[in-house]
Amino acid sequence: MQPEQVIGVGSGAIYVYFAETERRLARLEGRDRWLCKVGYTAGDIVARIKDQRPATIMARFPTIGLVVRTDDPTLERALHRALEVRGHRVAEAAGAEWFETSPNEVRDLLELDGSILRRM
């Protein structure tokens, strides 16, 4: 499981992963967002994802669309708030870290010199 994009510097990581079928369906329907998990780990990303993935629910490993290296674990919470303000939180998801978003949207939020995240 290799991430498609890695940005930033740090010992921790914010990650964005999803089922590839979600991205394919979004593309077929002309959407630029789909169901993504946005989380943080101070440890190994792949191990963290494997710990979260019950084999009976997901037959395949998810695609890691983006990894943001950071030493600031509070950045994940700010990012969640920014996505929530945009109305992207998925209320019916199993867990609070699922959003209708994309790796590109998350990267764009973070690359705005943090200005959106500083206001959260």
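The values are calculated or read from the model by the stated rules, or taken from the named source; none is laboratory data. Quantities reported herein were computed from a predicted structural model and do not represent experimental measurements. We place every Cβ from the backbone using ideal geometry, glycine too, and count neighbours over all the protein chains shown.
Summary of values
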read-out: Breaking point among (1) over 12 Å from the mean Cα position of the chain (by Cα); (2) on the phi < 0 side of the Ramachandran plot, for GLY87; value: (2)
read-out: Residue match in segment 21-35 (condition: polar (S, T, N, Q), modelled with pLDDT of 90 or more and under 13 Å from the mean Cα position of the chain (by Cα)); value: no
read-out: Subset of segment 88-104 (residues that are touching a residue at least 40 places away in the same chain (Cβ under 8 Å) and surrounded by 14 or more Cβ atoms within 10 Å (Cβ to Cβ)); value: HIS88, VAL90, GLU97, TRP98, PHE99, GLU100, THR101, SER102, PRO103, ASN104
read-out: Failed item, numbered, when THR70 is tested on (1) touching a Gly at 6+ places or on another chain (Cβ under 8 Å); (2) under 20 Å from GLU100 (Cβ atoms); value: (2)
read-out: Where ARG48 falls short, out of the listed (1) modelled with pLDDT of 95 or more; (2) basic (Lys, Arg); (3) touching a Ser or Thr at 6+ places or on another chain (Cβ under 8 Å); (4) farther than 14 Å from ASN104 by Cα; value: (1)
read-out: Sole residue being of a type outside the set (Asp, Glu) and over 15 Å from the mean Cα position of the chain (by Cα), chosen from ALA78, ALA59; value: ALA59
read-out: Condition met for ALA96 (among the small types (Gly, Ala, Ser) and farther than 19 Å from ILE7 by Cβ); value: yes
